[in-house]
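Single-structure report; data block below.
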Amino acid sequence: MAGKKTIKAGIIGSGFAAKFHFDAIQRVFSCDVEVVGIYSKTPLNSRSFAEERDLKSFSSLPDLIQASDIIHLCTPPVTHESIAIEVMKLDKDIIIEKPLTGYFGEGNEGFSGDDFSKETGLKKALESISRILDAEKQSKGRVMYAENWIYAPAIQKEREILEKAGGQIHWIQAQQSHSGSHSQDYGKWHLSGGGSLMGKGCHPLAGALYLKAVEGKALNGKPIRPKSVSCRTHAITRQENFKNKGHLRDSYTDVEDYAFTHIVFEDGSVADIVASELLHGGVKNYLEVHANDHRTICNLTPNNAMQTYNPDDENFKDIYVVEKTGTKQGWSNISPDEAWFNGYQHEMEAFYRSSAFGEAIESDSNLAANVIATIYSAYVSAEKKGIEVEIQSF
């Protein structure tokens with residue numbers, strides 16, 4: 001369409017997240033997006049990613065940032081703060097893949113996620129959050145938190161229900177679980193900043209915090225914040241008696257593979273979040289709202305929009321069924337458009353509309369900050385066998 005604004009985008013990273021970011025960009029329609037190129041710390045991966053998509057592979061991160069209007073940060077969380085601040089100083093917008101930041105041991109030799117003080121982790125994570133937020137305040141650019149759950153159609157429909165019907169949420173149940181992360185960096189605290197609570201729990205947690213904020217704004221004009229958290233974490237696949245039959249990833253070095261988190265909000269309502277690496281048969285992404293005037297079940301994955309029976313696994317060898325399914329044989333909740341249900345294209349459209357026209361975004365740095373503050377307060381609780389811990393909210 002003539003007259004559309006053109007925005008130049010750069011992608012940092014060459015893994016799973018970079019791929020679905022690139023794919024989602026292709027569905028942005030409010031402006032023309034020119035992907036100027038990619039940068040990865042691994043030149044071979046960068047070149048391969050670029051060649052497959054007819055992009056330029058940059059050898060310098062500053063050069064990519066300088067050539068772009070907006071940056072997609074698709075790298076492990078340990079890199080997020082430094083790159084985000086570098087981008088902010090140049091007044092560029094940045095889309096940061098979740099989670100926002102964390103504590104990674106500060107490069108200390110012998111650091112292990114099993115035995116460091118979680119109080120220290122919380123303190124350092126809060127300091128990292130503050131540095132990112134301060135950089136954003138001093139910049140013309142904005143932090144856009146790439147939490148696709150916020151833009152998933154089911155979650156956005158629940159937002160509409162809360163805003164129009166004025167319901168009061170009493171209890172949220174939510175979960176993300178599957179058989180293990182795509183990233184080989186995941187499972188090492190010094191790179192990922194935590195285990196299942198950080199890598200999986202950040203999604204449903206963001207959904208719960210977001211909907212409580214929506215509720216508060218609809219009822220009283222101000223978001224309802226998380227107040228305290230209790231948590232238990234476990235490392236089931238690292239136990240000596242764990243028997244690996246090849247269906248669950250068990251290569252984690254110093255992180256948990258199961259977490260249960262109970263959050264109390266300032267209005268007395270609660271949310272229960274489960275995150276684990278112990279699930280067979282694909283990904284379980286759901287959020288359930290129990291309100292005073294309705295109940296909503298948001299099934300991101302799996303859902304029954306399409307169900308297929310396949311008697312022979314080989315029959316579907318070239319057909320994508322659903323993320324992380326162990327087999328394509330038998331009945332499958334096959335997803336006709338998994339990216340749509342998960343909100344990837346919707347979040348990118350929202351971010352580019354914001355960058356092009358200044359529109360407000362639902363998934364911003366404030367939400368990202370509250371997710372990390374809650375997660376690291378939860379780790380303090382887990383270290384103390386589930387004691388309730390106050391949350392410093394933003």
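The values are calculated or read from the model by the stated rules, or taken from the named source; none is laboratory data. On a predicted model such as this, the values are computed, not experimentally measured, just so you know. Cβ coordinates were reconstructed from backbone atoms using ideal geometry, including for glycine residues, and neighbour counts include every protein chain displayed.
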Residue 154 passes all but one of the listed conditions (1) assigned by TED's automatic domain parsing to the domain that holds residue 301; (2) touching a His at 6+ places or on another chain (Cβ under 6 Å); the exception is number (2)
Of the criteria (1) surrounded by fewer than 23 Cβ atoms within 10 Å (Cβ to Cβ); (2) more than 23 Å from the chain's Cα centre (by Cα), which one residue 28 fails: (2)
With respect to residue 19, determine if the residue is within 27 Å of residue 199 (Cβ to Cβ), basic (Lys, Arg) and not in a helix (DSSP H, G or I). no
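Looking at 329, 345, which is the one that is among the polar types (S, T, N, Q) and without any contact (Cβ under 8 Å) to a residue 24 or more places away in the chain?
Within the list 329, 345, the selection yields 329.
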So which pairs qualify, if the first residue must be in region 266-281 and under 14 Å from residue 213 (Cα atoms) and in contact (Cβ under 8 Å) with a residue 40 or more places away in the chain, the second must be buried (at least 24 other Cβ atoms within 10 Å of the Cβ) and β-branched (Val, Ile, Thr), the Cβ gap must be under 6 Å, and the two must be at least 6 apart or on different chains? 269/169; 271/172; 271/263
I'm told residue 230 meets every condition in (1) under 18 Å from the mean Cα position of the chain (by Cα); (2) modelled with pLDDT of 95 or more; (3) crowded, with 18+ Cβ neighbours inside 10 Å except one. Can you identify the failing condition by its number? (1)
Quick one: which strands (runs of 3 or more DSSP E) sit completely within region 88-202 and have at least 3 residues that are over 21 Å from residue 260 (Cα atoms)? 93-97, 143-146
Regarding region 201-215, can at least one residue be identified that is under 24 Å from residue 366 (Cβ atoms), buried (at least 17 other Cβ atoms within 10 Å of the Cβ) and hydroxyl-bearing (Ser, Thr, Tyr)? yes
Within region 168-198, restricting to residues that are among the small types (Gly, Ala, Ser) and modelled with pLDDT under 95, the one that is farthest from residue 251 (Cα to Cα) is 192
If residue 278 meets every condition in (1) among the hydrophobic types (A, V, I, L, M, F, W, C); (2) modelled with pLDDT of 95 or more; (3) not in a loop (DSSP other than H, G, I, E, B) apart from one, which number is that one? (3)
Looking only at region 56-85, filter to residues that are of a type in the set (Asp, Glu) and more than 22 Å from residue 202 (Cα to Cα); which one of those is surrounded by the fewest Cβ atoms within 10 Å (Cβ to Cβ)? 63
Looking at (1) in a strand (DSSP E or B); (2) closer than 20 Å to residue 223 by Cβ, which is the one condition that is false for residue 286? (2)
Matching residues, region 298-349, being of a type outside the set (S, T, N, Q), under 30 Å from residue 7 (Cβ atoms) and either outside any loop (DSSP other than H, G, I, E, B) or modelled with pLDDT of 95 or more (or both): 300, 338, 339, 340, 341, 343, 344, 346, 347, 348, 349
